[in-house]
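Right, one structure below, let's go through it.
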Amino acid sequence: MSLSFQTLSAFLAHGHDTVIDVRSPAEYAEDHVPGAINLPVLNNEERAQVGTIYVQESPFLARKLGAALVFRNAANHIEHTLSHHEGGWRPLVYCWRGGQRSGSFTWMLGQIGWRAEVVQGGYQSYRRLVYAAMYDTPVPHRLVLLDGLTGTAKTEILQEVARLGGQVLDLEGMAGHRGSLLGERPGGQPSQKRFESYIACALASMDPTKPVLVEAEASKIGARIVPPTLWAAMKSAPRIEVEAPFEARCDYLVEAYDDILSDGERLRAKLGQLKEHRSGAVIEAWFALIAAGDKPALTARLMADHYDPAYLKARSRYEVEVLDQLRLPGLASEDRRQAAAQILARLEALTV
């Protein structure tokens, strides 16, 4: 049976026991339906081989080889990965566009007795729903931005609000990046499509009658672009500002960015990219502190010379609505917990 979904929320509420993506590992890695497992019926090399034969030789030969490979790989999945499932198991299967790969695998599962169904239109139907949410349809939620100078522990406060039960959209977590020049994280960033999937599916699962807290970001987080409808909502969203003493922010950043502060070569390469924005003398002073291994002094200089001025310049370009200002005495864990509790109370007062 082929299923179609008209909304992203309906897709995510499919009700099946397992979602199976039978596309190649490369296709799956770029993006996939949340929670889907990858059981490719053609691996990367096989898919390329079949495609080449289809174009250069004949569609018939390509389909013949493809069928042999698909059923061979499907049999292996059934014998091993899926062998533990009982007769009442209900999988939902998709491929690129709901064609032969998912159709063949779903047919085989059905012949065994499992209640398998296939997604009409495959991954492309899912992607169209994500695209509509991120490019065509205004965000239905009321966003509130968590704002403040670099080093005010906004990400940790945001996550604490989530732990307390608030609706939170963690863009830096979804982007795999801390949002600044030095913000790279191990593992790199997801693809743009995957980033958009994270955002669209998170919003689809949230209550539109309650506000959503989002950290104030630039339009790009690392190499990932904040999708247009979300960015439009963020630009007009009111803000809660967090302030903390300069020394507390320094201490926080030294700990939070210890990975790159400990890697002098990578740090010099990154900071060297700012030559168009800061004078040679300023950058040489940074390099001297890197050579000396003085992380606290370097952090203080980076904040005073670059991050704080850049933030204030960007902020001066537009007017914003400030809902509240939190002046924290420090940024220890208890300070962050108290800030999160105050922010959650402020958000709950905005609930429709």
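The values are calculated or read from the model by the stated rules, or taken from the named source; none is laboratory data. These numbers were taken from a predicted model, which means no experiment stands behind them. Please note: Cβ atoms are built from the backbone with ideal geometry, for glycine as well, and neighbour counts cover all protein chains shown. Keep in mind that these areas ignore ligands, DNA and RNA; they rest on the heavy atoms of the full protein, side chains included. Shrake-Rupley method; radii C 1.70, N 1.55, O 1.52, S 1.80 Å.
Taking His84 as meeting all but one of (1) open to solvent by less than 30 Å² (accessible area, probe 1.4 Å); (2) out of contact with any helix residue (DSSP H, G or I) (no Cβ under 6 Å at 6 or more places or on another chain); (3) part of a loop (DSSP other than H, G, I, E, B), write down the number of the exception.
(1)
Hey, among Leu312, Leu326, which residue is closer than 16 Å to Thr150 by Cα, open to solvent by 40 Å² or more (accessible area, probe 1.4 Å) and of a type in the set (A, V, I, L, M, F, W, C)?
Unique residue meeting the criteria: Leu312.
Give the residues of region 301-317 that are under 16 Å from Ile260 (Cβ atoms) and not hydroxyl-bearing (Ser, Thr, Tyr), sorted by residue number.
Once the filter is applied, which keeps residues that are under 16 Å from Ile260 (Cβ atoms) and not hydroxyl-bearing (Ser, Thr, Tyr), region 301-317 yields Arg301, Leu302, Met303, His306.
Residues in region 184-199 that are open to solvent by 40 Å² or more (accessible area, probe 1.4 Å), at pLDDT 95 or above and outside any loop (DSSP other than H, G, I, E, B): how many?
Adding up the residues that qualify gives 3.
Give region 200-212 a look and list any residue that's closer than 18 Å to Ala13 by Cβ and not in a loop (DSSP other than H, G, I, E, B), or say none.
Those that are closer than 18 Å to Ala13 by Cβ and not in a loop (DSSP other than H, G, I, E, B): Ala200, Cys201, Ala202, Leu203, Ala204.
Restrict the check to region 93-109 and report whether at least one residue is touching a Pro at 6+ places or on another chain (Cβ under 7 Å) and crowded, with 20+ Cβ neighbours inside 10 Å.
Within region 93-109, one or more residues are touching a Pro at 6+ places or on another chain (Cβ under 7 Å) and crowded, with 20+ Cβ neighbours inside 10 Å.
Between a residue in region 11-30 that is open to solvent by 10 Å² or more (accessible area, probe 1.4 Å) and any residue that is hydrophobic (A, V, I, L, M, F, W, C) and in a helix (DSSP H, G or I), which pairs come within a Cβ distance under 9 Å, given they are 6 or more apart or on different chains?
So the pair list comes out as Leu12/Cys201; Leu12/Ala204.
Look through Ala237, Ala202 and report the one residue that is aliphatic (A, V, I, L, M) and crowded, with 19+ Cβ neighbours inside 10 Å.
That would be Ala237, the only listed residue that is aliphatic (A, V, I, L, M) and crowded, with 19+ Cβ neighbours inside 10 Å.
Please pick out the residue among Val119, Val214, Val144 that is over 16 Å from the mean Cα position of the chain (by Cα), open to solvent by less than 40 Å² (accessible area, probe 1.4 Å), in contact (Cβ under 8 Å) with a residue 60 or more places away in the chain and over 25 Å from Val19 (Cβ atoms).
Val144
Looking at region 152-183, which of its residues are open to solvent by less than 30 Å² (accessible area, probe 1.4 Å), farther than 18 Å from Ala200 by Cβ, modelled with pLDDT of 95 or more and of a type in the set (Gly, Ala, Ser)?
Passing the criteria: Ala153, Gly166.
Can you tell me which of (1) more than 21 Å from Ile157 (Cβ to Cβ); (2) open to solvent by less than 30 Å² (accessible area, probe 1.4 Å); (3) under 27 Å from the mean Cα position of the chain (by Cα) is the one Gly272 doesn't meet?
Evaluating Gly272 over (1) more than 21 Å from Ile157 (Cβ to Cβ); (2) open to solvent by less than 30 Å² (accessible area, probe 1.4 Å); (3) under 27 Å from the mean Cα position of the chain (by Cα) leaves (3) as the failure.
Would you say Trp231 is under 30 Å from Ile199 (Cα atoms), at pLDDT 95 or above and of a type outside the set (S, T, N, Q)?
For Trp231, the condition - under 30 Å from Ile199 (Cα atoms), at pLDDT 95 or above and of a type outside the set (S, T, N, Q) - is met.
Could you grab me the full set of residues in region 65-75 that are free of Cβ contacts under 8 Å to residues at least 24 places away in the same chain and surrounded by 13 or more Cβ atoms within 10 Å (Cβ to Cβ)?
Leu65
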